[in-house]
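Since the structure comes first, as structure tokens, the remarks are kept for the end.
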Amino acid sequence: MSMSERPEVRGYDNVRAAARDYETYSSDLLGDRDVRDYRAIPLEADPPRHTIFRDAVQPIFHSSHLEMKSAQFETLACKLVGDITARGGGDLVSDLGLPYVMGCLAIIYNRPQDLDEWLSWGPDVWTAEAYSKGLSIVESRRAARNRQYGATSLRSGAMLRDYLERVFADVTPAIGADPATTDVWDWIAGIRIDGEPPTREETFGIAMLLLAGGRDTVIKLIVGLAWHLIGVPADREHLRLHPESYNRAIAELARYLSPIKQMERLSPDPEKRALDQNDPQRYVLINWLSANHDRSIWPDADTIDIHRERKPHVAFGIGRHSCMGMNITEYEAKAMISALVTAWPNWEFDGEPIIDWEQNGEGPDATTALESFLSVPVRVSRS
């Protein structure tokens, strides 16, 4: 049974209510069961444990920390845009989205020495092994979608596990340190939960979330921003003249793209049966995309309109489990928009972008969703 065949909570009001109701729709589960045996912390836990860990990890996502890094984000964005322009063209996925998102993480986490290794994993850590052996980004993206129970898949957690084993064998716990100026793994090793260091599995779960949780999703948003600005020059000019509109544009692209399409929760079980992690019927999917494309909220939901009245979307979740990395995403996206529109590199599409589209849902609330950007070749306009 595939992810899409499991029961779903759909629609704006239903999704918002279910996401807040952690007692009915519990996050106390193990996700990505085909590639890991440790939980994403704090994501895969319920309060109060979730809250304790979230409070411990949250400082790395504070705006005060990210504000210090924003100039470096913009410098990196300008360099990558300039490199593509100097070569006469490139691909927005491999030459812009991937190196930008990984470069920003290296800046935030104070781990420049790891950048080349992180880039070698490609857009998705769960297909890193195949990508490192020559699988293209197009192939690895499609392989990442193969999550059927019992199906052959190129997904693997081996390379990430090996990396985590190495870095945490060589840490110096930085207890009480400022995460803005401390090596991220020393900082993680130095956090304390009720006075005690996190266990090895908890440490891996935190680190995995920091490396994998906002990887392919933020790449999708960054590529989507550039893709939209190439296709709609009027929006590009508006943002050039009105930098105060950046946040509105980012919110609209996040709503439209819904980088995280859906997320698991445990399905309500009145019989209180023991959990079988391999039984897909024990899970329900909270469908964020269906909420963000609910036509009762946004009548033209399948259209990108950066001028529309802002309404609360759920691209970053909602409630206690809302995305901790939302601030990172917004700072990175603003820096990229600024780099693009301040001195537009005169890009145009070099052939048709390769995009995976997928029908989400059935009946009147069905929408054709942009699943992922596989390749978006661009060139410097000859005109």
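Derivation of every value follows stated rules applied to the coordinates shown; laboratory data play no part. Computed from a prediction, not measured in an experiment: that's the story for all the values here. Cβ placement follows ideal geometry from the backbone for every residue including glycine, while neighbour counts extend to all protein chains displayed.
Once Lys and Arg get +1 and Asp and Glu get -1 on their Cβ, which of ALA369, VAL171, ALA226 lies farthest toward the positive end of the dipole of the chain?
Farthest towards the positive end: ALA226.
Given N residues in segment 87-146, what is its alpha carbon radius of gyration divided by 2.2 N^0.38 Å?
1.15
If you place +1 on the Cβ of every Lys and Arg, -1 on the Cβ of every Asp and Glu, and leave all else neutral, what size is the dipole of segment 1-54 about its Cα centre, to the nearest 20 Debye?
180 debye
Note the count of lysine pairs whose C-alpha atoms are less than 25 angstrom apart in the chain, limited to pairs 8 or more residues apart or on different chains.
12
Pop a pseudo-label 7 angstrom from the Cα along the beta-carbon direction at both THR199 and ASP37 and give the gap in nm to one decimal.
Between THR199 and ASP37, the simple spin-label model gives 1.3 nm.
For ARG155, which sequence-distant residues (separation of 5 or more, or a different chain) have an amide H within less than 5 Å of its own amide H, given hydrogens modelled in the peptide plane?
Excluding prolines and chain starts, which carry no amide H, there are no hits.
Please list, in chain and number order, the residues 5+ apart from LEU374 or on another chain whose amide H is under 5 Å from its amide H, with Hs placed from the backbone.
Amide H to amide H, under 5 Å and 5 or more residues apart or across chains, LEU374 pairs with ILE354, ILE355, ASP356.
Given segment 297-358 reduced to its alpha-carbon atoms as identical point scatterers, what log10 I(q)/I(0) does the Debye formula return at q = 0.15, 0.28 Å⁻¹?
Log-scaled intensity ratios, in q order: -0.83, -1.12.
Would you please state the base-10 log of I(q)/I(0) at q = 0.08, 0.13 1/Å for the chain, with intensities from the Debye formula using one equal scatterer on every alpha carbon?
-0.40, -1.15
Could you list the trypsin sites (Lys or Arg not before Pro) in segment 74-147 that lie in coil according to DSSP, counting only those with at most 11 other Cβ atoms within 10 Å of their Cβ?
Passing sites in segment 74-147 are LYS133.
Determine the calculated [θ] at 222 nm for the chain from helices alone, applying -39500 (n - 2.57) to every DSSP H run no shorter than 4 residues and normalising by the residue count; nearest 500 deg cm²/dmol.
The per-residue figure over the chain is -12500 deg cm²/dmol.
At q = 0.13, 0.23 Å⁻¹, what base-10 log of I(q)/I(0) does the Debye formula yield for segment 4-74 when every alpha carbon is treated as an equal point scatterer in vacuo?
The calculated log intensity ratios at q = 0.13, 0.23 Å⁻¹ are -0.61, -1.04.
Tell me, GLU358, GLU202 in order of fewest to most beta-carbon neighbours within 10 Å?
Ordered by Cβ neighbours within 10 Å, fewest first: GLU358, GLU202.
For segment 364-375, just list the computed ³J(HN,Hα) in residue order, Karplus coefficients 6.51, -1.76 and 1.60, θ = phi - 60°, integers in Hz, with x standing in for Gly and Pro.
Whole-Hz 3J(HN,Hα) from phi for segment 364-375: x, 9, 5, 9, 8, 9, 7, 6, 6, 8, 8, 7.
Looking at the chain, what % of its DSSP beta bridges pair antiparallel, to the nearest 5?
Bridges in the chain are about 90 percent antiparallel.
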